[in-house]
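Quick notes on the structure that follows.
The values are calculated or read from the model by the stated rules, or taken from the named source; none is laboratory data. Note that the structure is a prediction, hence the values are computed from the model and not measured. Counting neighbours? That spans all protein chains shown, and the Cβs are built from the backbone with ideal geometry, glycine included. SASA here: full protein model, heavy atoms, side chains in, ligands and nucleic acids out. Shrake-Rupley method; radii C 1.70, N 1.55, O 1.52, S 1.80 Å.
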Amino acid sequence: MKKHGVLNSHISKVLADLGHTDYIVIGDIGLPVPDGIPKIDLALTYGVPSFEQVVDAIAADMEVEKVVIASEMVEQNPAAFQYMSQRFAEAEQQQCSHEQFKQLTGGAKVVIRTGEAKPYANCILQAGVYFGET
């Protein structure tokens, strides 16, 4: 039995299989999932688990070199924007329109659905390369 990192077997496998520049999506309860893209649904009730809880757990277990969010997050969900800016201060950060964001989900390895019920609580996490502790 695993004792560290993400315990969800589906998420753990996806993270282990990621290569450089592959990406995953973490989304709120309303983000549409394109046909053919696997969805891992973690939503239990409204707000559970939260966007931040899921992002924190995954980011602790994934080398993230780039983060993409919808530009609408800045004004429509400033708390999530502040969290993302601080959480990924060391990564490249990019914004695009929500429509462009939804198009990008079509290239994801997986969409992970949270229970988050606040607008634009979505992100794309692009894998970097981890060479171990230096």
Hits in the range 111-134 (condition: at pLDDT 95 or above and either among the hydroxyl-bearing types (Ser, Thr, Tyr) or open to solvent by 40 Å² or more (accessible area, probe 1.4 Å) (or both)): ARG113, THR114, ALA117, LYS118, PRO119, TYR120, VAL129
Of residues in the range 111-134 being assigned to a loop (DSSP other than H, G, I, E, B) and of a type in the set (D, E, K, R), the one farthest from LEU18 (Cα to Cα): LYS118
Qualifying residue in the range 100-110 (condition: farther than 13 Å from ILE24 by Cβ, free of Cβ contacts under 8 Å to residues at least 60 places away in the same chain and open to solvent by 10 Å² or more (accessible area, probe 1.4 Å)): yes
Long-range neighbours under 6 Å by Cβ, at least six apart or interchain, first residue farther than 19 Å from ASP56 by Cβ within the range 7-24, second open to solvent by 40 Å² or more (accessible area, probe 1.4 Å): HIS20/VAL129; ASP22/LYS109
Test for VAL14: is it of a type in the set (Val, Ile, Thr) and open to solvent by 40 Å² or more (accessible area, probe 1.4 Å): no
Single residue of the range 39-54 satisfying the filter (open to solvent by less than 60 Å² (accessible area, probe 1.4 Å) and among the aliphatic types (A, V, I, L, M)) that is nearest to ALA79 (Cα to Cα): VAL54
Any hit, the range 41-52, residues being touching a Lys or Arg at 6+ places or on another chain (Cβ under 7 Å) and assigned to a loop (DSSP other than H, G, I, E, B): yes
